[in-house]
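A.B. asks: I'd like to ask some things about the structure below.
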Amino acid sequence: MPNTVKALTGNEAGAEALRQIDPDVVPAYPITPQTELMQKFSDFVSDGKVKTEMILVESEHSAMSACIGAEAAGVRVMTATSANGLALMWEVVYIAASLRLPIVMSVVNRALSGPINIHCDHSDSMGCRDSGWIQIYGENSQEVYDNLVQAVRVAEHPDVLLPVMTTHDGFIISHTMERVEVLDDPEVKKFVGVRNPLHPLLDTAHPVTYGPLDLQDYYFEHKKQQAEAMKRAKEVILSVGREYGKLTGREYGLFDEYLTADADFVIVALGSTAGTAKAAADGLRAKGMKAGVLKLRVFRPFPATELARALGQAKAIGVLDRSEGFSGIGGPLFQEVRSALYDASPRVPVSNYVYGLGGRDINIEMIESVYADLKNKKFYEREACHLGVRE
């Protein structure tokens with residue numbers, strides 16, 4: 001069980017996890033609101049508290065390129081970024097996944113430009129949802145720490161070998177101080193283990209090629225292999241979560257159900273908003289409404305079967321998206337949830353709410369209005385309701 005309690009911001013919790021993991025290489029470039037995470041970790045490097053080779057590069061594209069080179073060489077690699085920085089990595093983010101390199105990256109969610117905005121929404125990580133990276137979302141500073149420690153094991157598992165991005169909401173979590181339970185350093189070291197690369201580039205006795213031309217003859221097969229690895233990751237995430245639970249008392253799964261067992265109306269959310277939704281559900285329960293919350297933790301691989309099983313008995317579902325779908329059929333989370341429930345019998349109405357773009361606050365009253373819509377059969381299925389926007 002944990003034996004240290006610290007007051008940490010989300011970014012400090014991420015830096016603490018990195019310190020204890022002590023990755024071999026960390027290429028990094030500053031961008032708000034991620035900067036504090038890597039700045040704190042650089043202090044650990046300067047003070048000799050880690051053996052990490054930290055590489056200060058000239059751009060985020062260079063950061064991910066350096067991650068790819070170091071990971072291909074056979075060492076453990078981690079990094080962090082936000083928003084436009086992640087967008088600048090776009091080309092090489094895909095390459096990292098395609099080369100099956102288990103890089104772990106902390107993404108501090110921030111709205112993508114333009115206009116320029118430095119506050120939270122999920123447009124950055126959602127832009128990478130089909131890049132081949134596993135995506136794990138955190139609700140608070142504790143989950144920032146826990147998710148990063150587990151991510152190393154998930155990424156490097158021989159049945160997976162895919163990169164993982166763990167995310168937490170910019171400023172809302174990244175700069176908010178909370179109570180965080182921290183493991184002893186030796187416990188983290190033992191949990192993550194030693195990196196054992198399968199085909200390191202520097203093993204000259206067994207030469208391999210990374211990044212070759214891959215045309216019609218094999219490209220399709222390699223994409224299918226990536227897809228199969230993503231499917232296998234689901235069970236690995238659950239297994240690692242159970243093991244972590246035995247160590248800490250905090251077991252993690254694909255999602256967290258709150259008051260859903262008998263709920264008539266359920267809200268599905270990612271990140272910090274799940275906490276606000278739980279408070280709203282508590283208040284409505286006291287007034288007699290059977291309200292529940294499903295906090296999705298793992299967005300990729302998307303747990304469609306498990307989610308349909310958990311939500312199939314609800315009378316109506318509201319999905320909260322912190323990113324805009326731009327005339328698609330709702331936001332990205334809504335599209336996935338609605339597809340997962342397509343074959344449910346009887347069909348469960350699923351309504352979409354886009355909220356919080358550019359860091360706009362969402363409060364209990366707004367979420368209560370979503371539950372009221374669901375109860376009153378006021379559904380937004382094809383075109384999302386924009387919750388909290390001035391019209």
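The values are calculated or read from the model by the stated rules, or taken from the named source; none is laboratory data. Everything quoted here is computed from the prediction, not taken from an experiment. We place every Cβ from the backbone using ideal geometry, glycine too, and count neighbours over all the protein chains shown.
A.B. asks: Of these, 269, 229, 286, 233, which one is out of contact with any Pro (no Cβ under 7 Å at 6 or more places or on another chain), over 30 Å from residue 376 (Cβ atoms) and either of a type outside the set (D, E, K, R) or in contact (Cβ under 8 Å) with a residue 24 or more places away in the chain (or both)?
C.D. replies: 229
A.B. asks: If you don't mind, another one. Among the residues of region 331-367, write down those that are of a type in the set (A, V, I, L, M, F, W, C), in contact with a strand residue (DSSP E or B) (Cβ under 7 Å, 6 or more places away or on another chain) and either closer than 24 Å to residue 254 by Cβ or surrounded by fewer than 17 Cβ atoms within 10 Å (Cβ to Cβ) (or both).
C.D. replies: Once the filter is applied, which keeps residues that are of a type in the set (A, V, I, L, M, F, W, C), in contact with a strand residue (DSSP E or B) (Cβ under 7 Å, 6 or more places away or on another chain) and either closer than 24 Å to residue 254 by Cβ or surrounded by fewer than 17 Cβ atoms within 10 Å (Cβ to Cβ) (or both), region 331-367 yields 333, 334, 337, 341, 348, 350, 354, 362, 367.
A.B. asks: Give the number of residues within region 335-364 that are touching a Phe, Trp or Tyr at 6+ places or on another chain (Cβ under 8 Å) and assigned to a loop (DSSP other than H, G, I, E, B).
C.D. replies: Total satisfying the criteria: 2.
A.B. asks: Condition (residue is β-branched (Val, Ile, Thr), under 16 Å from residue 381 (Cα atoms) and crowded, with 22+ Cβ neighbours inside 10 Å) applied to region 311-330: is it met by at least one residue?
C.D. replies: yes
A.B. asks: Kindly list, by first and then second residue, each pair from a residue in region 67-84 that is assigned by TED's automatic domain parsing to the domain that holds residue 107 to a residue that is of a type in the set (S, T, N, Q) and not in a helix (DSSP H, G or I), limited to pairs with Cβ atoms under 6 Å and residues at least 6 apart or on different chains.
C.D. replies: That search, which allows pairs on different chains as well, returns 67/79; 80/34; 80/106; 81/34; 82/34; 84/113.
A.B. asks: Every residue in region 158-200 that is part of a strand (DSSP E or B) and of a type outside the set (Asp, Glu), please.
C.D. replies: 164, 165, 166, 167, 168, 177, 179, 180, 182 - these are the residues of region 158-200 that are part of a strand (DSSP E or B) and of a type outside the set (Asp, Glu).
A.B. asks: Follow-up question, since we're still on this one. Please find, within region 344-374, the residue that is farthest from the chain's Cα centre (by Cα) out of those that are under 24 Å from residue 82 (Cβ atoms) and of a type in the set (A, V, I, L, M).
C.D. replies: Among those residues, the one meeting the criterion is 362.
A.B. asks: Name the single residue that is surrounded by the most Cβ atoms within 10 Å (Cβ to Cβ) among those in region 130-154 being in a helix (DSSP H, G or I) and polar (S, T, N, Q).
C.D. replies: 147
A.B. asks: For region 158-210, what are the residues that are acidic (Asp, Glu), surrounded by fewer than 16 Cβ atoms within 10 Å (Cβ to Cβ) and in contact with a helix residue (DSSP H, G or I) (Cβ under 8 Å, 6 or more places away or on another chain)?
C.D. replies: Selection gives 159, 185.
A.B. asks: Do we find that residue 286 is closer than 23 Å to residue 338 by Cα and aliphatic (A, V, I, L, M) in this structure?
C.D. replies: Judged against the criteria, residue 286 is not a match.
A.B. asks: Determine whether residue 325 is in a loop (DSSP other than H, G, I, E, B), in the same structural domain as residue 373 (by TED's automatic domain parsing) and over 23 Å from the mean Cα position of the chain (by Cα).
C.D. replies: no
A.B. asks: Do the conditions hold for residue 308, that is, is it at pLDDT 95 or above, surrounded by fewer than 21 Cβ atoms within 10 Å (Cβ to Cβ) and either of a type in the set (A, V, I, L, M) or touching a Cys at 6+ places or on another chain (Cβ under 7 Å) (or both)?
C.D. replies: Yes: the conditions hold for residue 308.
A.B. asks: Cβ-Cβ below 6 Å, separation at least six or inter-chain, first residue in region 93-105 and surrounded by 21 or more Cβ atoms within 10 Å (Cβ to Cβ), second of a type in the set (D, E, K, R): which pairs?
C.D. replies: 101/71; 102/156; 103/71
A.B. asks: Oh, and also: Please specify each residue of region 31-78 satisfying the condition of being closer than 25 Å to residue 203 by Cβ, assigned to a helix (DSSP H, G or I) and of a type in the set (S, T, N, Q).
C.D. replies: The one that is closer than 25 Å to residue 203 by Cβ, assigned to a helix (DSSP H, G or I) and of a type in the set (S, T, N, Q): 65.
A.B. asks: Then there is this: Taking the options 329, 317, 364, name whichever one is in contact (Cβ under 8 Å) with a residue 60 or more places away in the chain, over 23 Å from residue 118 (Cα atoms) and out of contact with any His (no Cβ under 8 Å at 6 or more places or on another chain).
C.D. replies: That would be 364, the only listed residue that is in contact (Cβ under 8 Å) with a residue 60 or more places away in the chain, over 23 Å from residue 118 (Cα atoms) and out of contact with any His (no Cβ under 8 Å at 6 or more places or on another chain).
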